[in-house]
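Notes follow the structure.
The values are calculated or read from the model by the stated rules, or taken from the named source; none is laboratory data. Here the structure is a predicted model, which is why all the values come from computation and not from measurement. Cβ placement follows ideal geometry from the backbone for every residue including glycine, while neighbour counts extend to all protein chains displayed. Please note that ligands, DNA and RNA were not included when accessible areas were found on the heavy atoms of the full protein model with its side chains. Shrake-Rupley method; radii C 1.70, N 1.55, O 1.52, S 1.80 Å.
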Amino acid sequence: MKKQTNKILILNILNVIFTILFSLLIIATILAVCISLKQTFVAILVILPIVSFISIIIFYLISYRKRKIGITNLLFFMCSLNIFSLLISYKIISELESLDILQNEDNEKVFEEKNILMASWEIELEKAKIDKKLAKLSSTNENKKVSKKNIEQKLEVNKREVYKSYTKFVYKNILKKNPEEKNTFKIITLTSNAIVKYEYLDQFLKQEKLIKDLEKFGWTKEEVVQVITTNDIEQIITTFKENRKDY
């Protein structure tokens, strides 16, 4: 709902800004023609900015409140040639209707009170319109939730792969450094200590294999360092212990 409100605010700002720019463009055109070609008759075009501002005033005083652009407001928009502002205004009305639906917990009751004087066939059409908008809003929100969840899951999978790759690298270096050591507990302890102290992190980042993995994940070396050093170190050690036998 907050996102919807912010979207409406941005559209309102754009509407006003474009109207001002449109008016300035018309005035600049009038001045250019009057001065360079000495054709004063084009000064009549000054009516366009005036009508444009009247359109905006009518929109915010009447249409905005009624959630509907009436024929008078539409005619003023068309006569001003400020078509882009008209399109933005239609979008604002559409977003306002969506916001109203989201804000009203008892949509049926609000709908009946608002449309008590409408004919039955008009009410059915309005209900169908609201149902369609609700379905679209629900579908959009659901898709965003699914998309966000998928991104988070993919990030966790990539993190686990980096943890496994890093701990495997450290483990193999500890084995290479201590070829005579047969005590499993000691090897695990030495590896865990090396992971905590990031002893082999620089060497790990220089691997050609890691560079290929980074291309697959879409990460930079700096991001890998951040993943390893800013996350729960216990989780990295747990990853090592869970996968040690497969290394």
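Here are the numbers for this structure:
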| quantity | calculated |
| --- | --- |
| Per-residue ³J(HN,Hα) for segment 7-24, Karplus 6.51 cos²θ - 1.76 cosθ + 1.60, θ = phi - 60°, Hz, x for Gly and Pro | 5, 5, 4, 4, 5, 5, 4, 4, 4, 5, 4, 5, 4, 5, 5, 4, 5, 5 |
| Model label zone, Leu14; criterion: amide N under 15 Å from point 7 Å along Cα-to-beta-carbon; scope segment 66-86 | 83-86 |
| Accessible-area value, Phe76, 1.4 Å probe, nucleic acids and ligands omitted, Å² | 70 |
| For segment 1-32 versus segment 57-93, the gap between their alpha-carbon centres in whole angstrom | 13 |
| Two-site FRET efficiency, Thr189 against Asn6, from Cβ-Cβ distance with R₀ of 41 Å, rounded to 0.05 | 0.20 |
| Extended-chain gain in nm, criterion 0.36 nm per residue less alpha-carbon gap, Glu181 and Arg160 | 4.7 nm |
| HN-Hα J in Hz across segment 58-72 - Karplus 6.51, -1.76, 1.60, θ = phi - 60°, x for Gly and Pro | 4, 4, 7, 7, 10, 4, 4, 6, 7, 6, 7, 8, x, 5, 5 |
| Flagged links, alpha-carbon separation over 22 Å, of Lys154/Lys221; Lys176/Lys245; Lys182/Lys209 | Lys182/Lys209 |
| Highest average packing first - 25-38, 81-94, Cβ atoms within 10 Å | 81-94, 25-38 |
| Relative contact order of segment 149-244, defined on C-alpha pairs under 8 angstrom at six or more residues apart (%) | 45 |
| Accessible area expressed per residue, segment 149-244, with surrounding protein chains retained (probe 1.4 Å, Å²) | 64 |
| Virtual paramagnetic centre 7 Å along Cα→Cβ of Arg244, amide N under 13 Å, in segment 180-208 | 182-195 |
| Nearest-10 value in Å² for the accessible area of Leu61, using the 1.4 Å probe | 120 |
| Where segment 1-103 is the region considered: accessible area per residue in Å², 1.4 Å probe | 61 |
| Overall Cα dimensions of segment 1-103, principal axis frame, Å, largest first | 57, 26, 16 |
